[in-house]
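Let me begin by presenting the structure, written as structure tokens, before commenting on it.
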Amino acid sequence: MDEMYISFNRARYCVRRVNATHEIGCQSSSRGNSGRMYMIDDENEFRSFLTNKKTLDSIGRFIITLNIDLFDSEHMDELMTRLDTKLNGLLVYLKSNLTRPKHFSPDDQCPNHRHSYYLNQTQAVNWNPKGNGLFFRSFPFPIMLIDEEDDYKLLLSYYQRFNSSQSTSSCGLELKTFQNAAHTSKTCMRRGEISHSLIDEAETLCDPVGGLNIYSKLSEPLTITPKQRSPKSVILILATTDSFQMFLKANGATGGVQQPATSLIAFLSLAHLIGQAQEDLNKIEKEIIFVTLDGDALDYSGSFRFMYDMENNYFPTDSKDEERIRKEHIHSVIEFQALSFTGQLSESNLYAHPSNLTNETFINSLTNRTSTIVPMPRDAPLPPASSQIFLRQTSSLFFPVYILTSTNQSQLSNHYYHSFFDDPSTLSINISSLEYNTTTDFSQWIKSLVEPLAQTLIETITGLNKNITIEQEIINNLVYCVLKNINCPLIHNVSNETSGNSFDAFDQTSLPFSVNTYPTATTPTFTFVRNTLSYFLRDRTYDGLNLTETACKEQSKNDSFRLYRFVGGYPPSISTEEKFLGYCVRSYYRSAYSSSPAFAIDKYDLADTTYPAWSESRWSTISLRLFIIPTQSHEIITLVIGILLLSISFIAFFFLRYFTKLSLLQPSSS
Amino acid sequence: MSIPKTRWRCEQFHQSRTNANNGCQIINAQIHSDYEESTVESNKDNMVSLEKKSPEERLNICRKYYLGGFAFLPLLWLINAIWFYKQAFKVEPYPQQAQIRTYVIRSAIGTLAWLLIITIWNVLFQVFRTKMGPAGDYLTFVVPRGYY
């Protein structure tokens, strides 16, 4: 072996997160955890390893290399109790993408049960039955994962070469994933602010979880004072923009396709349909507001913040004269959550709650329009969804919620819920051959899902029965942008030049779905959602106006509620015959911080569990290295030779000094 | 220290390639011993020798160290006790010795008291740092990363 260390740069790692009461995740020492590598490939090897007293006693520290099929709570518990402090780290490996486990979810069996609508009920429904819950446990050692096939092959080749018998040298691994956070959010945030003097700067140890809640609607009508908003006049459409995974990778696939990418695509398509029908909708006093929530994967932080903003008259933000929306004004909430596509005959399930407020006509007309939406029985328990918090904070007295999700007999259809395996292959999409305008089964299914929903919505609001349709091309483009390459023509067409240029850094990457923290890291998600959503809901009368960029800027001077930007224009969305080089887009959108109210309320005790208080740790270097541990005899020989050389050099020096006439201590001549 | 002329002569010997090694060695030895003597003398000049001071001066120094220790400087007391121990107890009595003796005893007591205070505080802080809550964190100068 030529080098001393072999680095694995594409390894995934597990990080520390803290909340009001606990810390979760993994921690290594600042210099890295190293130990002797021991590979366990299947159940038999696992059993024999645990009973092999000789190996266990002879080696001081282990780094166990575990097959991902064995990575669940039973095996982990057995390993940790048997090895105790000798277990210095864990490296999980995936042999190849073709042999991925059928189910892999590090989330709990009942996701988000800490802050759910059913908090005080004893019988929990296990929506995620194969969830091993390892994400929410705290490990005192680092855990990393290698998912690249050539990384695995390299590791295996070294292991087989060097670990054949006890007498030869063996492989060692060093895992370095030092995390700054400790104990709870309260301790971490407090320590991050301690600064003793002018020269001792405070060092932030962790960042609160949260991104942006973005909402948009048709730019007319607006309820500006003194015009009062009538009760039950606002319909909210919800989707989330975040997910989490136990094993992160810088610049790698984040998963999150079945939740929230599919929901986000359906959400944006519905927005376009509503935008298409704006002429009829603008005549009615009701508003449809599209809201994306960020931070809901971890205890619904975004939803709590949204409801908190609503209670405190911060919704909508930044509008001085616009009448605030409160819970009395909400007519209903429709949410897209965890939609899975399992084939052309896929169905999605419609949950509605509470039964005394739900509109049976709405449900019936929706389910009669299409066979892809199946209604769930009355008072069926709700799956994990942001709407649960909307109900909880209003005691389910004000408005009904409708959740469109994919479940199968009280189980989520997603086998890879909140894990990095949740990628486009689960939607039967061949991502490598996907082009900008490829029509896949999945995009056709989305079209068959959102069109009836839009038609039913419009019928419920206006009474008109419009056979509104969306161009398949638009959905194809959305699928391409979200799942394959965010730097796509669509986003450049709907953004102005500066916004569009910010996507060049994310060329050939899909939209990342991960835990967002505040201060927000550079993620293209919010810019993408903001620009696309506001464009789809734009004032379409401006498509026919041939305005220049300066004229567009002039418009914004007179209008403080709507935003104007000059874009290239997205052809499939423009229905006018005349095409121009650029279009002025008149739209309405707002962004609000989505970190939990725990971080927004002044003097809130972060140890209080009323609101979730998740924070993510900061870290600097992550590394995984392989090295060779020489045999005992090799080490002894090296030491002896070293001491011998030292003594010989001392003796030689004395001889030189004593017997030669050269005085080595002669002061130098100036 | 300027290089003495004997050194230059040695160099010239080498350059003329005459077999004058012995001469050079003697001169080198002289230089070496000269250097040693001068350094030893200079060291002696810097260090205070209590024998050379008059008894009044000795008392003065002792008093200064004793009073200085009250400014939260226990090391002054420690040095006072150790340095003047011989003067206070072992040397033949002279008029100022009684006063020096009291100073030495009091310095020793002060040192012990400080040692006790510092040790107790050290142990308490290490045991109760995390249990003190925010106070523990604000007292810590280098806040630990990654561990509670």
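Every read-out reported here was derived from the displayed coordinates using simple, explicitly stated rules and does not represent laboratory data. Everything numeric in this text was worked out from a predicted model, so none of it was measured. Heads up, the Cβs are rebuilt from the backbone with ideal geometry, glycines too, and the neighbour counts pull from every protein chain shown.
Kindly write out, for segment B:116-129 in residue order, the coupling ³J(HN,Hα) from the Karplus curve 6.51 cos²θ - 1.76 cosθ + 1.60 (θ = phi - 60°), rounded to whole Hz, with x marking Gly and Pro.
With coefficients 6.51, -1.76 and 1.60, one gets 5, 4, 5, 5, 4, 5, 4, 5, 4, 4, 5, 6, 9, 4 Hz.
Measure of size requested: the Rg and Dmax of segment B:50-138, with Cα atoms as the atom set and Å as the unit; please supply both.
When restricted to the Cα atoms of segment B:50-138, Rg and Dmax are 18.0, 58 Å.
Checking the cross-link filter: which aspartates and glutamates have an alpha carbon closer than 18 Å to that of A:LYS557, excluding same-chain neighbours under 8 positions apart?
Hits, sequence-local ones excluded: A:GLU220, A:ASP318, A:ASP321, A:GLU322, A:ASP539, A:GLU549.
Near the amide H of A:LEU563, under 5 Å away, which other amide H atoms are found, from residues 5 or more places off or on another chain, if H is placed in the peptide plane?
Placed amide hydrogens put A:SER587, A:TYR588, A:TYR589 under 5 Å from A:LEU563.
Arranged by the count of other C-beta atoms within 10 angstrom, fewest first, what order do A:HIS115, A:HIS272, A:HIS634 take?
Least to most surrounded, the residues fall as A:HIS634, A:HIS115, A:HIS272.
Excluding residues fewer than 8 places away in the same chain, name every one of the aspartates and glutamates whose C-alpha is closer than 13 Å to that of A:LYS186.
A:GLU23, A:ASP207, A:ASP605, A:ASP608, A:GLU616, B:ASP137
Angle check, please: helix A:525-536 long axis (alpha carbons) against the longest principal axis of chain A (alpha carbons), in degrees 0 to 90, nearest 10.
The angle comes out at about 20 degrees.
Once amide H atoms are placed 1.01 Å from N in the peptide plane, what residues at a sequence separation of 5 or more from A:GLU203, or on another chain, have their amide H within under 5 Å of its amide H?
Counting only residues 5 or more places away or on other chains, the set is A:ILE194.
Over chain A, what relative contact order in percent results from Cα pairs under 8 Å that are six or more residues apart?
For chain A, the relative contact order is 21 percent.
For segment A:71-125, just say rounded, prolate or oblate: build the C-alpha gyration tensor, square-root its eigenvalues into a ≥ b ≥ c, call rounded for a/c under 1.5, and beyond that prolate if a/b exceeds b/c, oblate if not.
Since a/c reaches 1.5 but b/c is at least a/b, the shape of segment A:71-125 is classed as oblate.
Which of A:LEU281, A:LEU270, A:LEU98 comes first, and how do the rest follow, when ranked by fewest Cβ neighbours within 10 Å?
Ordered by Cβ neighbours within 10 Å, fewest first: A:LEU98, A:LEU281, A:LEU270.
Quick one: Karplus J couplings for segment A:420-428, per residue in order, coefficients 6.51, -1.76, 1.60, θ = phi - 60°, nearest Hz, x for Gly and Pro?
3J(HN,Hα) across segment A:420-428, in whole Hz: 6, 6, 6, 10, x, 5, 6, 9, 6.
Listed here are the pairs A:LYS217/A:LYS484; A:LYS130/A:LYS603; A:LYS53/A:LYS249; B:LYS64/B:LYS90; A:LYS54/A:LYS176; A:LYS249/A:LYS553; which of them are more than 30 Å apart at the Cα?
A:LYS130/A:LYS603; A:LYS53/A:LYS249; A:LYS249/A:LYS553
Which Cys residues of chain A have no other Cys beta carbon under 4.7 Å away?
Cysteines lacking a close Cβ partner in chain A: A:CYS110, A:CYS171.
If a/c stays under 1.5 just call it rounded; otherwise compare a/b with b/c (prolate if a/b is bigger, oblate if not). Do that for segment A:210-595, with a ≥ b ≥ c from the square roots of the Cα gyration tensor eigenvalues.
rounded
Per residue of segment B:89-102, in order, report the coupling 6.51 cos²θ - 1.76 cosθ + 1.60 (Karplus, θ = phi - 60°) as ³J(HN,Hα) in whole Hz, putting x for Gly and Pro.
Values per residue, Gly and Pro as x: 10, 9, 8, 4, x, 9, x, 7, 5, 4, 5, 4, 4, 5 Hz.
May I ask for the angle, rounded to the nearest 10°, between helix A:632-659 and the longest principal axis of chain A, with both axes built from Cα atoms and the value confined to 0 to 90°?
Once rounded, one gets 60 degrees.
Calculate the length of the line joining the C-alpha centroid of segment B:56-82 to that of segment A:516-581, in whole Å.
80
Taking loop as defined by DSSP and a crowding limit of 16 other beta carbons within 10 Å, which GluC sites (Glu not before Pro) in segment A:1-79 fit?
A:GLU3
If I fit a long axis through the Cα atoms of helix A:262-276 and take the longest principal axis of the Cα atoms of chain A, what angle between them do I get, 0 to 90°, rounded to 10?
In chain A, helix A:262-276 runs at an angle near 30 degrees to the longest axis.
Amide H neighbours of A:GLY172 under 5 Å, at least 5 residues apart or on other chains, H built in the peptide plane: list them.
Close amide H contacts, sequence-distant or interchain: A:MET37, A:PHE627, A:ILE628, A:ILE629.
Give a quick list of trypsin sites (Lys or Arg not before Pro) in segment A:369-415 that DSSP marks as loop, anything other than H, G, I, E or B, with at most 16 other Cβ atoms within 10 Å.
Taking segment A:369-415 and a limit of 16 other Cβ atoms within 10 Å, the loop trypsin sites (Lys or Arg not before Pro) found are A:ARG378.
Calculate the all-directions average of the projected area of the protein assembly as shown's alpha-carbon convex hull, and give it in nm².
55.5
Identify the trypsin sites (Lys or Arg not before Pro) of segment A:229-259 meeting these criteria: DSSP loop state and at most 16 other C-beta atoms within 10 Å of the C-beta.
A:LYS232
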